[in-house]
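Notes follow the structure.
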Amino acid sequence: MPNAHPKTIAVDFDGVIHAYSRGWQDGTIYDPPLPGALDGLRTLMRDHAVFIHTTRDAKSVAAWLANYGFSTALEADTKIEFWNAIGVLLVTDRKLPAVAYLDDRAVRFTDWKQAITDLTEGA
C-alpha cells in the first residue's frame, strides 16, 4: 500500500540537476544533466513526493525535464502550498514545505555561531 503521508523532498535545479557550468546566462538552460541526476530523481520519486525549486521559469524547466523523459514534470500553479504526489515531478519557483532540501549552495544550519563561521570563513 502506498505511503498515505509521503515525505516531500525539494531539489534545486541549477548545479544539482542541470550542470550549470557557465552560471546564469540569459535564462537559457544550456547544459545536460549532471551525472546521476536523472536516475537520482527517479529513485526519489518511487517513495517520495519530489519537487524541483528554481528561480528559472518553471515551464522552461519542465520542458527541459520532459526532453529527458520526465513526462510527469508539471509546472506549478503559484497557489500550491505543499506537494505530496508520488511519481509526479513538480517544478516551482516557490520554496514549499519539505523534509529535506537538496541544494548545491546550502549551508547547514545548526546554530548561528556555526552559520556565521561557515558563511564568513568561506568567503
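Each value in this text was obtained by applying a stated rule to the coordinates, not by laboratory testing. This is a predicted model, so every value here is computed, not measured. Note that we place each Cβ from the backbone using ideal geometry, even for glycine, and neighbour counts take in every protein chain shown.
Report, in cubic angstrom per residue, the convex hull volume of the C-alpha atoms of the chain.
Details: hull volume 16.2 nm³, N = 123.
Spelled out: Cα convex hull of the chain, divided by residues, is 131 Å³.
List residues of the range 56-73, by number, whose backbone nitrogen lies under 19 Å from a label position 7 Å along Cα→C-beta of residue 30.
Counting only backbone N, you get 56-57, 60-61, 64-65.
I need to check one value: relative contact order of the range 1-94, counting alpha carbon pairs closer than 8 Å and at least 6 residues apart, in percent.
Relative contact order here is 33 percent.
Run through the range 3-41 and list the chymotrypsin sites (Phe, Trp or Tyr not before Pro) located in a DSSP loop whose Cβ has at most 13 other Cβ atoms within 10 Å.
24, 30
Under 29 Å Cα to Cα from residue 59, which lysines show up? Leave out anything in the same chain fewer than 8 places away.
7, 79, 95
Could you calculate the FRET efficiency of residue 119 with residue 85 from 1/(1 + (r/R0)^6), where r is the beta carbon distance between them and R0 is 41 Å, rounded to 0.05?
The value I calculate is 0.75.
Name the residue from 15, 34, 45 whose Cα lies farthest towards the positive end of the charge dipole of the chain, charges +1 on Cβ of Lys and Arg and -1 on Cβ of Asp and Glu.
Toward the positive end, the furthest listed residue is 45.
Placing +1 at every Lys and Arg Cβ and -1 at every Asp and Glu Cβ, with all other atoms neutral, what dipole size does the range 17-89 have around its Cα centre, in debye to the nearest 20?
I would put it at about 80 debye.
With each pseudo-label sitting 7 Å past Cα toward Cβ, what's the residue 104-residue 67 distance in nm, one decimal?
It is 1.7 nm.
Can I get the semi-axes of the range 58-107's equivalent ellipsoid? Compute them from the C-alpha gyration tensor as square roots of 5 times the eigenvalues, in angstrom, largest first.
Numbers: eigenvalues 68, 40, 25 Å².
Rounded to whole Å, the semi-axes are 18, 14, 11.
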